[in-house]
Amino acid sequence: MNDTPKLSYCADYVRRNDKDRFLCSLFAIPTAREALFTLYAFNQEVSKTREMVSDTMLGHIRLQWWRDTLTEISQGKIRKHEVVEPLSVLIQTHQIDVADLETLITAREFDLADKAPENQADLDQYIDQTSGHLAVIAAKLLGATDPDAREAARLAGNAYGLVGILRAMVFHGRTKRIYLPQDRMTQHGVGQGDIFEFRKTDPVKALTREVAELARQRIRDARKLRKSLPKNAIAAALPVVLADGYLRKLSKADFDPFSAEFGLARPASVRLTLNAMLRRY
């Protein structure tokens, strides 16, 4: 007889598609885990929009479907959908604000443009409205009400998001997309072809090192505010621990973003567990 509890649809969905956040959610208090799984499942639904459509117009239609769905939930109408139904409970019990979810949807319109950010500020805005804002919503779900606590979560989410951009270079390159700032690429003499063809050149490594060093600084900045985040909300910021581990792998790979050592690196589960037990990130 198998006593292992069966995962809900959202939990299993996140486990399969967003393993980092799934692992971090396991360190939340048991009564809050399902809410996190539901939030992250919703995020996965909207974040994968570009990968699911062959035409940008279809992508806009998909995002509008989610906007309409949120509006209907506010009106008491619940569409039959594996993510919508548990999400509606969080909205109707005022655990999540519709406006916060709409921010995540709107941010994904950037993906449909298939255009690299012009500079770091543009990339930072994208990350802040996706990974950063997601961390804030997660912290709210875990009881973080103080503005400083939410800012701590945002910084953690932004740091994780920037590392995520580096980790996704191969995936984005295969689909002929670039999320690195154009001005940084020009400064280092890196062209689109270098990314699309996975060229392991010194300029590509120098560009990667520069972004990685910025990401490491973002992690340090996030940790400066960790005392502001309540212990019960620490799971919202734990992805920073995994981001730190990925940067270590990248450094060992001589800042080659296309190396298997970096791209296929597994989450630092032991380090994550230790930090979670100590209630820190």
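Quick look at the values:
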| read-out | value |
| --- | --- |
| Residue in region 91-114 that is touching a helix residue (DSSP H, G or I) at 6+ places or on another chain (Cβ under 7 Å), free of Cβ contacts under 8 Å to residues at least 12 places away in the same chain and not β-branched (Val, Ile, Thr) present | no |
| Hits in region 251-268 (condition: touching a residue at least 40 places away in the same chain (Cβ under 8 Å) and either touching a His at 6+ places or on another chain (Cβ under 6 Å) or exposed (fewer than 12 other Cβ atoms within 10 Å of the Cβ) (or both)) | none |
| Answer residue from region 138-168, given it is surrounded by fewer than 22 Cβ atoms within 10 Å (Cβ to Cβ) and not in a helix (DSSP H, G or I) and is modelled with the lowest pLDDT among those | Thr145 |
| Count of region 169-190 residues which are crowded, with 16+ Cβ neighbours inside 10 Å and not in a helix (DSSP H, G or I) | 6 |
| Extreme residue, surrounded by the most Cβ atoms within 10 Å (Cβ to Cβ), among residues of region 29-73 that are over 24 Å from Ser8 (Cα atoms) and among the small types (Gly, Ala, Ser) | Gly59 |
| Filter result for Gly193 (part of a helix (DSSP H, G or I), closer than 26 Å to Leu112 by Cα and not aliphatic (A, V, I, L, M)) | yes |
| Count - residues of region 187-235 that are among the polar types (S, T, N, Q) and in contact with a Phe, Trp or Tyr (Cβ under 6 Å, 6 or more places away or on another chain) | 1 |
| Residue match in region 191-203 (condition: in contact (Cβ under 8 Å) with a residue 40 or more places away in the chain and within 20 Å of Ile127 (Cβ to Cβ)) | no |
| Tabulated pairs, region 159-188, first closer than 13 Å to Pro117 by Cβ and among the basic types (Lys, Arg), second modelled with pLDDT under 95 and surrounded by fewer than 16 Cβ atoms within 10 Å (Cβ to Cβ), C-beta under 7 angstrom, 6+ apart or interchain | Arg177/Asp114 |
| Hey, Ala235 outside any helix (DSSP H, G or I) and over 25 Å from Asn119 (Cβ atoms) or not | no |
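The values are calculated or read from the model by the stated rules, or taken from the named source; none is laboratory data. This structure is a prediction, so every number in the text was calculated from the model and none was measured. Every residue, glycine as well, gets a Cβ built from its backbone with ideal geometry; the counts of neighbours run over all protein chains shown.
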